[in-house]
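Worksheet for the structure shown next.
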Amino acid sequence: MRMSKLYLPTLKEDPAEADVVSHKLMLRAGMMRKHSSGIYSYLPLGYRVIKKIEKICRKHMDNSEAQELLLPIMQTSKIWKDSKRWDKFGPLMIKFNDRKAREYCLGPTHEEVVTDLVKDEVRSYKDLPLNLYQIQTKVRDEIRPRFGVMRGREFIMKDAYSLDIDYEGLDKSYQAMYDAYERIFAECGLEAVAVEADTGAMGGKDSHEFMVLADSGEDEIAFCSHCDYAANVERATSQKTEIDFEVEAEAEKIHTPEIKTISELEEYLEVPAAKMMKAVAVVADGEAVLALVSGEDELNEIKLTNYLQANELRAAEDKEFVELFNSVPGFIGPVDLDDVRIIADQRLKNMSGAIVGANEKDYHLKNVKSGRDFEVEAFTDLRSVRGGERCPKCDQGKLNIKEGIEVGHIFKLGTKYSENMGANYLDENGKAQPIVMGSYGIGITRLVAAAIEQNNDQYGIKWPQAIAPYQIIILPLGNDDSVQKKSEEIYQNLKAEGWEVLIDDRKERAGVKFNDSELIGVPLRLTIGSRSLENGVVEAMIRENNKKMEIELDNLRPKVKELFTEIS
Ligand code: ATP
Ligand code: MG
């Protein structure tokens, strides 16, 4: 491709709208442009990278005997109501009516469409197993679209759905996808790790996320320093001991004027946070719930949401402290709270002598004990782990917390969708059984951003060769005829050998050409100037490490081949 013809609007400065490096570089390298919040056009360079990733996905999906199809983006509300997710997805789903006032949505995912598709066609156990996949645009009206394509409202996903006769079959299908995912990310040149994950709105049991470690990651992952335990903090656990205090005194009211937070209380009362219960007022599907964790812990809302099986969970608003909890913001506590469900973290099970809010402005209670002063519906794991805590799986390791970007997610769904939607097959005895399902996603466009997060420097992107938009860029410098001729010849020869080559034939200064080539991150740069031609060489630069070398013109083609076996 000739750069003079390429639609490549590069930018010299970092755009103000971007705060993470991949977003900045995708805009600066002319890979994409914003259409609206969280919605992007992919320009030729960006789309080439997307297509490369798609090709790698297809190869490994096809190798694992998954079959590609294409499902509708516009989906009826009926299937979502059948699966009971129409409300669960809530405002994340774009819903609308057609001209005949029939309800539709734009697909945020495709479990429903697949289940609906197979339910009348897959009749017998002989028709299974199956794995169906597609690469397609998903639409999710994210609350906070950000970081460019990392969290878009419209994005490309590879999604696959496995259909099996039983859980043994599902385990095999799941493992096949797990293995395929490892190959896909490795071939893309990415370091991705599989971690235990929360199943969220998908439902189901086992689940792994594939994470690319990067500072801009929106997820936190807990890794054990000793064994292979790795889990999203949304669900990670640790061996944190119960809190045990032997205070049997009666509960007593204490005056705490304007002292509302745990840290203010610590200072005012000169008592450590471990002796306090932190009460968090939430509203779960309209119902008032008080969650209790130790004063030194943080409530994990995902764990609470899962315990409550709630569709929507949010912090109570100030006026709701009064209306729903009959309390006051800053002074809420579990004692004498009527009509409020109280769920406590398991660490608090044997805690007595706690300090809690008194549900009265400027007052707390001390010496409080659960079971005596208030009743708890359940003690369960509600806290987020922290770095340094003991691994839940082995006895030697400690947890380290790192940030990561979720590029893939696999779920064992089980029979939730097939049961709700009536997707059955007949077993060997002619008895109807629900199909056992799994679902498997890769965020293709998010992967582009993740690859940049992992591979960049102050000059721009450093594409791993497998997903680079072009493999080689040729920079002819100056207006010398012999330079132009030789560059053109090299360009044609390398193309004829099957390389994907860009030639910067623009009438630009050398500095501009150098900068742009580094910005767009093509793995190998060949610079051709009159002086180097006189010496019978071209100057090569490997973008991965910015290493420069001279290559003899006579030896160019074999040397290029050799270099590509060495770089990642
Ligand atoms: P997240 O927790 O980041 O919101 P999710 O768990 O809701 O993602 P899944 O339903 O597991 O997402 O979707 C499969 C994959 O699609 C994710 O692993 C991610 O790579 C990608 N993905 C999900 N949401 C977005 C988005 N808003 N923009 C870009 N990619 C996304
Ligand atoms: Mg996910």
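A compact table of results
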read-out	value
Subset tally (residues that are under 30 Å from residue 29 (Cα atoms) and of a type outside the set (S, T, N, Q)) for the range 407-449	11
Test: residue in the range 227-237 that is within 21 Å of the chain's Cα centre (by Cα), loosely packed, with under 13 Cβ neighbours inside 10 Å and not assigned by the TED database to the domain that holds residue 416	yes
Flag for residue 147 being at pLDDT below 95, buried (at least 17 other Cβ atoms within 10 Å of the Cβ) and over 20 Å from residue 71 (Cα atoms)	yes
Pairs where the first residue, in the range 120-136, is over 29 Å from residue 442 (Cβ atoms) and the second is β-branched (Val, Ile, Thr), C-beta under 6 Å, 6+ apart	125/165
Count of residues meeting criterion [of a type in the set (Lys, Arg) and part of a strand (DSSP E or B)] in the range 81-99	1
Any hit, the range 475-493, residues being of a type outside the set (Ser, Thr, Tyr), surrounded by 20 or more Cβ atoms within 10 Å (Cβ to Cβ), in contact with a Phe, Trp or Tyr (Cβ under 9 Å, 6 or more places away or on another chain) and under 26 Å from residue 23 (Cα atoms)	no
Meets criteria (part of a strand (DSSP E or B), modelled with pLDDT under 95 and either within 16 Å of ligand 2 (Cβ to nearest atom) or touching a strand residue (DSSP E or B) at 6+ places or on another chain (Cβ under 8 Å) (or both)) for residue 393	no
Residues of the range 150-175 that turn out to be more than 16 Å from ligand 2 (Cβ to nearest atom), part of a helix (DSSP H, G or I) and buried (at least 20 other Cβ atoms within 10 Å of the Cβ), as a count	2
Single unsatisfied condition, residue 376 versus (1) β-branched (Val, Ile, Thr); (2) over 15 Å from residue 275 (Cα atoms); (3) assigned to a strand (DSSP E or B)	(3)
Number of the condition not met by residue 66 [criteria: (1) crowded, with 21+ Cβ neighbours inside 10 Å; (2) outside the structural domain of residue 129 (by the TED database)]	(2)
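Residue-by-condition table, conditions (1) within 16 Å of ligand 2 (Cβ to nearest atom); (2) among the charged types (D, E, K, R); (3) outside any strand (DSSP E or B):
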residue: 405; (1), (2), (3): yes, no, no
residue: 425; (1), (2), (3): no, no, no
residue: 429; (1), (2), (3): no, no, yes
residue: 447; (1), (2), (3): yes, no, yes
residue: 475; (1), (2), (3): no, no, no
residue: 478; (1), (2), (3): no, no, yes
residue: 490; (1), (2), (3): no, no, yes
residue: 498; (1), (2), (3): no, no, yes
residue: 506; (1), (2), (3): no, yes, yes
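The values are calculated or read from the model by the stated rules, or taken from the named source; none is laboratory data. This one's a predicted model, so the numbers in the text were calculated from it and none came from an experiment. Note that each Cβ is placed from the backbone with ideal geometry, even for glycine, and that neighbours are counted across all protein chains shown.
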